[in-house]
Amino acid sequence: MLIEMNGLSQDGIPTGCESVSAVMVLNYWGVDITPEEFIDNYLPRQKFYQVDRILYGPDPEEAFAGDPYSANSLGCYPKVILKALGNMKNCHVSGMERLAFEDISGMELTDIIDTYIANNIPVLLWCTIGMNPVRDGMQYYLDDGSLYTWRAGEHCMVLCGYDEENYYLMDPLAGGERVGYPKEIVEARYLEMGQHAVAVWE
């Protein structure tokens, strides 16, 4: 089972995998928007800053951590993408009135397949670059003073198919090409990343 859709590369947007993947799905549903328009006009972003040599930054559940155009930035999680989609809807972007979207984080991958992929609904899935194991990354403080540890290797792709052995994902780091990975590897990385996913449908 494969959903036929066009891929997009994140070339020039080194940490913007979430936005590029979101735009792939929007384009699939007929919404005419580029990754740059999505980032520049709708994506909540927040910069890092220092106070007394201590680094502070955003909660990636609330805003993109840094700038997607910068290789020195981090990323974001589903709530931020949902905010961007909501911003698009509130701005009456053509086609958005037809779409619904939901944070389906915590859903088992097999249930995502049965509920969405089998019904030709591609899903944004948070895994890792190259399906490598998750490791602790950059640390900084949130505005409330708590220490935050980024999950290094975080990567968002579009789950678009499956067969007996593999799950297939549109990978913006692979030029937007469809890449197959063994099911057990995808399931492991999805779990390690916290089971984050977003569904968009008509």
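The values are calculated or read from the model by the stated rules, or taken from the named source; none is laboratory data. Since this is a predicted model, take the numbers as computed values, not measurements. Virtual Cβ from ideal backbone geometry, glycine too; neighbours counted across all protein chains shown. The protein model used for the area step is the full one, side chains on, heavy atoms only, and it has no ligands, DNA or RNA in it. Shrake-Rupley method; radii C 1.70, N 1.55, O 1.52, S 1.80 Å.
Examine region 134-156 for a residue that is under 18 Å from the mean Cα position of the chain (by Cα), modelled with pLDDT of 95 or more and more than 25 Å from Y69 (Cβ to Cβ), and state whether such a residue exists.
Taking every residue of region 134-156 in turn, none turns out to be under 18 Å from the mean Cα position of the chain (by Cα), modelled with pLDDT of 95 or more and more than 25 Å from Y69 (Cβ to Cβ).
If only one of L159, L173 is among the hydrophobic types (A, V, I, L, M, F, W, C), under 18 Å from the mean Cα position of the chain (by Cα) and open to solvent by 40 Å² or more (accessible area, probe 1.4 Å), which one is it? If you could, list the steps in order and put the result at the bottom.
Values: L159 fails: open to solvent by 40 Å² or more (accessible area, probe 1.4 Å).
After ruling out the rest, the residue left standing is L173.
Here's the yes/no breakdown for (1) outside any helix (DSSP H, G or I); (2) not acidic (D, E):
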residue: Q50; (1), (2): yes, yes
residue: D67; (1), (2): yes, no
residue: K79; (1), (2): no, yes
residue: L82; (1), (2): no, yes
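Do any residues in region 106-120 that are closer than 14 Å to E187 by Cβ have Cβ atoms under 6 Å from those of residues that are outside any loop (DSSP other than H, G, I, E, B) and of a type outside the set (F, W, Y), where the two are at least six apart or on different chains, and which pairs are they?
Qualifying pairs under 6 Å: L109/E187; I112/V123.
If I ask for residues that are of a type in the set (A, V, I, L, M) and either within 13 Å of the chain's Cα centre (by Cα) or open to solvent by 20 Å² or more (accessible area, probe 1.4 Å) (or both), which ones from region 32-64 would you list?
The first filter runs over region 32-64 and keeps only residues of a type in the set (A, V, I, L, M), leaving 33, 39, 43, 51, 54-55, 63.
Once the filter is applied, which keeps residues that are of a type in the set (A, V, I, L, M) and either within 13 Å of the chain's Cα centre (by Cα) or open to solvent by 20 Å² or more (accessible area, probe 1.4 Å) (or both), region 32-64 yields I39, L43, V51, I54, L55, A63.
Here's a check for you: in region 114-128, which residue that is over 22 Å from G75 (Cβ atoms) and of a type in the set (V, I, T) is surrounded by the most Cβ atoms within 10 Å (Cβ to Cβ)? Lay out the reasoning, then the answer.
First pass over region 114-128, keeping only residues over 22 Å from G75 (Cβ atoms): 114-121.
Pick out the ones that are also of a type in the set (V, I, T) and you get 115, 117, 121.
Working: T115: 15, I117: 22, I121: 19.
The selected residue is I117.
Condition first: modelled with pLDDT of 95 or more, of a type outside the set (S, T, N, Q), closer than 30 Å to N119 by Cα and touching a Pro at 6+ places or on another chain (Cβ under 9 Å). Can you find one or more residues in region 36-50 that meet it?
Yes: region 36-50 contains one or more residues that are modelled with pLDDT of 95 or more, of a type outside the set (S, T, N, Q), closer than 30 Å to N119 by Cα and touching a Pro at 6+ places or on another chain (Cβ under 9 Å).
Would you point out the residue of region 87-112, among those that are outside any loop (DSSP other than H, G, I, E, B) and open to solvent by less than 20 Å² (accessible area, probe 1.4 Å), that is nearest to C160 (Cα to Cα)?
Taking region 87-112 first, the residues outside any loop (DSSP other than H, G, I, E, B) are 87-90, 96-98, 100-103, 109-112.
After this cut, where a residue has to be open to solvent by less than 20 Å² (accessible area, probe 1.4 Å) as well, the list is 88, 96, 109, 112.
Values: M88: 23, M96: 21, L109: 12, I112: 11 Å.
Only one residue fits best here, namely I112.
Among the listed residues Y148, Y190, Y141, Y181, identify the single one that is open to solvent by 50 Å² or more (accessible area, probe 1.4 Å), of a type in the set (F, W, Y) and either touching a helix residue (DSSP H, G or I) at 6+ places or on another chain (Cβ under 6 Å) or touching a residue at least 60 places away in the same chain (Cβ under 8 Å) (or both). Walk me through how you get there before you give the answer.
On the way: Y148 fails: open to solvent by 50 Å² or more (accessible area, probe 1.4 Å); Y190 fails: open to solvent by 50 Å² or more (accessible area, probe 1.4 Å); Y181 fails: open to solvent by 50 Å² or more (accessible area, probe 1.4 Å).
It is Y141.
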